[in-house]
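Asks: The following block contains the structure, expressed as structure tokens.
Read the figures in this text as sums done on the coordinates, not as results from a lab. In this text the structure is predicted, and so the values were computed from the model without any measurement. For neighbour counting, all protein chains shown are included, and Cβ atoms are generated from backbone atoms with ideal geometry for every residue, glycine included.
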Amino acid sequence: MELTFYGHSCFYLQKKDTGVLIDPWLRQNPVVKEFPAKLKPSLILVSHGHGDHLGDAVEIAKGANCPILSTPEVIYHCGKGGAKTMPGHYGGTVRFDFGQVKFVPAWHSSSVTVGEDRVYAGNPCGFVIKFYGLTFYHAGDTCLFLDMKLIGDRNNLDYAFLPVGGLFTMDPEDALEAVKLLHAKTVIPMHYNTWDRIAQKVEDFQAAVQKQKVGKCQLMKPGETIQIEDR
Ligand code: NI
Ligand code: MN
């Protein structure tokens, strides 16, 4: 299978004709060089309504005729925009041919922009995704929280996508604690260096993670695709 990092918090998992796109903020994303017009996901996950996560989900969902899976408040907004939607929330697991998606908490906020207004959009979430035998945790936007231990203990995580930019989410120091709680085989940092306000020397974080010997830390450049071995 392939894993693509589009930048910020946007990842794409793909195997043959099946693709799961997470937090697709692309058109306005300063680190995205070109909008991937050929992208035809079979499912889009949105962690919360903030523009840098909901992004272009509605447009892509309509183009690919695929559903957006998110919290009731976020999909209400997406449905008004004409996208197909699927609801879920903390504790809920939705099953698919490729595996399953479970909603887990994230400590943050959520709103959507409607005209000039920001409208409250419920609670934000993270996802534990089983995709063809591999398990991925996308933390969404969150601070460090001790319940990550449950996520780590109850799932044999192959990959954890963790925000490290600080200011709105965990910074590298807190993300290092998250790494210990989650004990994923591979950690991929996200939500950094998109703007100056979340600039981080991510190589230092990578070195700190490697030193813990809980798993490796892989840095991905925006637009980079890696091949990963499925089970
Ligand atoms: Ni946010
Ligand atoms: Mn964000």
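Asks: Please identify, among GLU116, GLU73, GLU34, the residue showing maximal mean-square fluctuation in a Gaussian network model of the chain using a 10 angstrom Cα cutoff.
Replies: Answer for the Gaussian network model of the chain: GLU116.
Asks: Under a Cβ-Cβ cut-off of 11 Å, what is the net charge of the residues other than LYS102 that fall near it, where Lys and Arg count +1 and Asp and Glu count -1?
Replies: Combined, the nearby Lys, Arg, Asp and Glu give +3.
Asks: Right, next: From the P(r) of the range 1-82, can you give the percent of Cα pairs sitting at distances over 15 Å?
Replies: 51
Asks: Cα axis of helix 172-182 to longest principal axis of the chain: angle in degrees, 0 to 90, nearest 10?
Replies: 90
Asks: Rounded to the nearest 5, what is the percent of antiparallel bridges among the DSSP beta bridges in the chain?
Replies: 65
Asks: Counting Lys and Arg as +1 and Asp and Glu as -1, each charge on the Cβ, what is the dipole of the range 25-123 about the Cα centre in debye, to the nearest 20?
Replies: Charge dipole of the range 25-123: 300 debye, to the nearest 20.
Asks: Once you list every other residue whose beta carbon is under 15 Å from the beta carbon of VAL32, what net charge do they have if Lys and Arg are +1 and Asp and Glu are -1?
Replies: Spelling it out: positives minus negatives among the neighbours equals -2.
Asks: Which residue, PRO163, PRO72, PRO30, has the most motion in a Gaussian network model of the chain that connects Cα atoms within less than 10 Å?
Replies: Ranking PRO163, PRO72, PRO30 by mean-square fluctuation puts PRO30 first.
Asks: What three numbers, in Å, describe the spread of the alpha carbons of the range 108-231 along their principal axes, ordered from the longest?
Replies: Here the Cα extents, ordered largest to smallest, are 46, 31, 31 Å.
Asks: What dipole magnitude, in Debye to the nearest 20, does the chain give about its Cα centre under +1 on Lys/Arg Cβ and -1 on Asp/Glu Cβ?
Replies: 600
Asks: For every other residue with a beta carbon closer than 13 angstrom to the beta carbon of HIS50, add +1 if it is Lys or Arg and -1 if Asp or Glu, then tell me the sum.
Replies: My count for the surroundings of HIS50 gives -3.
Asks: When the chain is modelled as a GNM with alpha-carbon springs shorter than 10 Å, which of TRP25, TRP195, TRP107 fluctuates the most?
Replies: Taking springs between Cα atoms under 10 Å, the residue moving most is TRP195.
Asks: Quick check on the chain: take the gyration tensor over C-alpha atoms, sort the square-rooted eigenvalues as a ≥ b ≥ c, and tell me if it's rounded (a/c under 1.5), prolate or oblate.
Replies: Note, shape of the chain comes out rounded.
Asks: Answer with one residue from MET1, PRO105, MET220: the one whose Cα lies farthest towards the positive end of the charge dipole of the chain, charges on Cβ with Lys, Arg +1 and Asp, Glu -1.
Replies: Sorting the options by dipole projection puts first MET1.
Asks: LYS38 versus LYS211, label points 7 Å from Cα toward the beta carbon: distance in nm?
Replies: Output for this residue pair reads 4.3 nm.
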